[in-house]
Amino acid sequence: LFVHWGSKFVGYTVDEEEDGDGDGEEKHNKNNKGRISVHFADGKVTRGDILVGADGTNSYVRKAIFQGKPTQLNILPVGVITGELSLSLAEYTHQFELGRSMCMVNTEQWRFFVGLKSIADDKQSAEYYWLFYWRDDAAKDPTTFWPILSSSHARLSFVKDTLKKENVHPDLTAILKNQKEEKVQAMTVKDMVPIELPYSPVSLLGYAIHPMTFFRGEGAINAMV
């Protein structure tokens, strides 16, 4: 199995004949036989029998399938500010006391979620992420929504100030003390009703075929089902 690291998918063609000649790494793909040619931005072309787009909510493969009639994603009225950071052994041990993998603060206006991403092999550090989100009709237009247009400093200040005003316990907000501003981003939340694909050897998987919100663990639950 060859992985084309750093390659960007730009399109595909379905061939009439299931044969071809290859050289280099593609000789290992059964002499480069296959119905589909996948094209990359750097000019590379690889072939196979089936193409599965598992490239997420903004799937390039989905766009290629429906290039004549592109599918429309729904942008939901939810504002989201998120951050990532590394915690030391002592810091993530404290997080474990709050929740082994996650903890959450809920109010009627907003939610603050903290989750474990990974633990280093030597157990001396761990990667965490957090999400602060709230209902906001203005979020449906990302071109004018303030978190999208604002600086990372403004986003982080907004989260810290909101949590402080609500008198959230310091243990639950301690993770923000070491947050680097450049790692704070705003994002849009999108979903879409699953679509019927045309008959072909090209298919979609996961969020590429059914983008969902991250609320209530919908993505993970549907994947397991």
State the antiparallel share, in %, of DSSP beta bridges confined to the chain, rounding to the nearest 5. 95
Quick one: among R47, R155, R62, which has the greatest mean-square fluctuation in a GNM of the chain with alpha-carbon springs under 10 angstrom? R47
Under the classification rounded if a/c is under 1.5, otherwise prolate if a/b is larger than b/c and oblate if not, where does segment 75-146 fall, given a ≥ b ≥ c as square roots of the Cα gyration tensor eigenvalues? prolate
With at most 14 other Cβ atoms within 10 Å, longest stretch of the chain clear of loop GluC sites (Glu not before Pro) (DSSP): 19-107
What does the net charge come to around T93 if you take all other residues with beta carbon closer than 14 Å to its beta carbon, with K and R at +1 and D and E at -1? -1
Helix 152-165 versus the longest principal axis of the chain: what is the Cα-based angle in degrees, 0 to 90, to the nearest 10? 40
How charged is the neighbourhood of A174? Take every other residue with its Cβ under 15 Å from the Cβ of A174, and add Lys/Arg as +1 and Asp/Glu as -1. 0
Where the centroid of each part is defined by its Cα atoms, how far is segment 121-176 from segment 78-111 in Å? 10
Just to be sure I understand the model, the point goes 7 Å from the Cα along the line to the Cβ. What's the resulting V168 to N74 distance in nm? 2.7
Cβ-based net charge around S7, under 10 Å, with every Lys or Arg adding one and every Asp or Glu removing one: +1
Estimated [θ] at 222 nm from DSSP helical runs (n ≥ 4, -39500 (n - 2.57)) normalised by residues in the chain, nearest 500: -5000 deg cm²/dmol
Cα-based helix-to-principal-axis angle, 89-98 vs the chain, degrees rounded to 10: 80
If unit charges are put on Cβ atoms (+1 for Lys and Arg, -1 for Asp and Glu) and the dipole of segment 97-165 is taken about its Cα centre, the option from S118, S101, Y133 lying farthest towards the positive end turns out to be Y133
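Determine the dipole magnitude for the chain: charges of +1 sit on the beta-carbon of Lys and Arg, -1 on that of Asp and Glu, nothing else is charged, the reference point is the Cα centre, and the result goes in debye to the nearest 20.
Using only the charged Cβ atoms, the result is roughly 660 debye.
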Starting from the 7 Å offset along Cα-to-Cβ, what nm value, one decimal, do you get for the label separation of T107 and I195? 3.9
Relative contact order for segment 46-193, counting Cα pairs under 8 Å that sit 6 or more residues apart, in percent: 33
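Do any of K44/K190; K123/K164; K140/K177; K140/K165; K117/K190 go past 29 Å between their Cα atoms, and which?
K44/K190; K123/K164; K140/K177
Each reported figure results from applying straightforward, stated rules to the coordinates on display, with no laboratory input. Everything numeric here is computed off the predicted structure, so don't read it as measured data. Methodologically, a virtual Cβ is constructed for each residue, glycine included, from the backbone with ideal geometry; neighbour enumeration extends over all protein chains shown.
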